[in-house]
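One structure below.
The values are calculated or read from the model by the stated rules, or taken from the named source; none is laboratory data. Remember, predicted model here, so these are calculated numbers, not experimental data. Cβ placement follows ideal geometry from the backbone for every residue including glycine, while neighbour counts extend to all protein chains displayed. To get the accessible areas, we keep the full protein, side chains included, count just its heavy atoms, and leave off ligands, DNA and RNA. Shrake-Rupley method; radii C 1.70, N 1.55, O 1.52, S 1.80 Å.
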Amino acid sequence: MLRRDFIQSSLICGVLTATGHSLAESVPTTYTLHGTDVYGKKLDLKDFSGMAVLVSFFTVDCDLCTNDLKLMREFYVSNSKKKFMLLGVNLDNNKKDLDDYNDLTIHSYPKDQRFPTVWRNAPGHTDNFGTITTQPTHFVLDHNAQLKFKREGKFQPEDWDNLWLAL
């Protein structure tokens, strides 16, 4: 094996391990998501083609999720004009929880600070992000909807740097 090939395969294994993936798992080359946002508008991840996208899976009663989404909202407001999109994917079993959360955000944030949010359990919702076992879980996708990195749990300080690099 050439040294370059060894280094490249070692880096890939390290990235897969750091992002919580194993070599046995199938990692999509391009991520997809089709659904309806909380306002009833059809939403497709392809709508954000050419943008870096932070897809955040959360539940309403998750304190870590609430804190991460607050910081991510600030990042979204500061960078939405730089080909960046924040997309929330709610994992609650009860849609009423999401509706109550949405009512609160409508009254708490100006329209330009609200990011698209979908309910993963909605009829017709499909995505290929796999099983989400940790709240929150964040995926940063590049301009081609390919994974830059994944974070299970609280967004870390180095994640903000990596998110900047994805823009």
Seminar exercise, completed: Given (1) under 12 Å from the mean Cα position of the chain (by Cα); (2) within 22 Å of residue 148 (Cβ to Cβ); (3) at pLDDT 95 or above, residue 69 misses just (3)
Exercise. Just to be sure, is residue 107 open to solvent by 30 Å² or more (accessible area, probe 1.4 Å) and in a loop (DSSP other than H, G, I, E, B)?
Worked result: no
Problem set entry | The lone exception for residue 67 - which of (1) among the polar types (S, T, N, Q); (2) open to solvent by 20 Å² or more (accessible area, probe 1.4 Å); (3) out of contact with any Lys or Arg (no Cβ under 8 Å at 6 or more places or on another chain) it fails | (3)
Exercise. Residue 85 is checked against (1) within 17 Å of residue 163 (Cα to Cα); (2) open to solvent by less than 20 Å² (accessible area, probe 1.4 Å); (3) touching a helix residue (DSSP H, G or I) at 6+ places or on another chain (Cβ under 8 Å); (4) at pLDDT 95 or above and fails just one. What number does that condition carry?
Worked result: (2)
Exercise. So, of the residues in the stretch 110-125 that are touching a residue at least 40 places away in the same chain (Cβ under 8 Å) and part of a loop (DSSP other than H, G, I, E, B), which turns out to be most open to solvent (accessible area, probe 1.4 Å)?
Worked result: 124
Problem set entry | Residues within the stretch 39-50 that are surrounded by 15 or more Cβ atoms within 10 Å (Cβ to Cβ) and either under 13 Å from the mean Cα position of the chain (by Cα) or under 18 Å from residue 104 (Cα atoms) (or both), tallied | 2
For this session: Test residue 146 against the stated conditions and say whether it is surrounded by 13 or more Cβ atoms within 10 Å (Cβ to Cβ), more than 11 Å from the chain's Cα centre (by Cα), at negative phi and at pLDDT below 95.
Result: no
Problem set entry | Count of residues meeting criterion [under 23 Å from residue 130 (Cβ atoms) and not β-branched (Val, Ile, Thr)] in the stretch 45-104 | 30
Problem set entry | Top-ranked residue of the stretch 54-79 - restricted to ones that are of a type in the set (S, T, N, Q) and in a helix (DSSP H, G or I), ranked as farthest from residue 160 (Cα to Cα) | 66
Exercise. Exactly one of (1) out of contact with any Lys or Arg (no Cβ under 7 Å at 6 or more places or on another chain); (2) open to solvent by 20 Å² or more (accessible area, probe 1.4 Å); (3) outside any helix (DSSP H, G or I) is unmet by residue 36. Its number?
Worked result: (1)
Problem set entry | When residues of the stretch 149-167 are limited to those that are within 18 Å of residue 62 (Cα to Cα) and open to solvent by 70 Å² or more (accessible area, probe 1.4 Å), the one nearest to the chain's Cα centre (by Cα) | 152
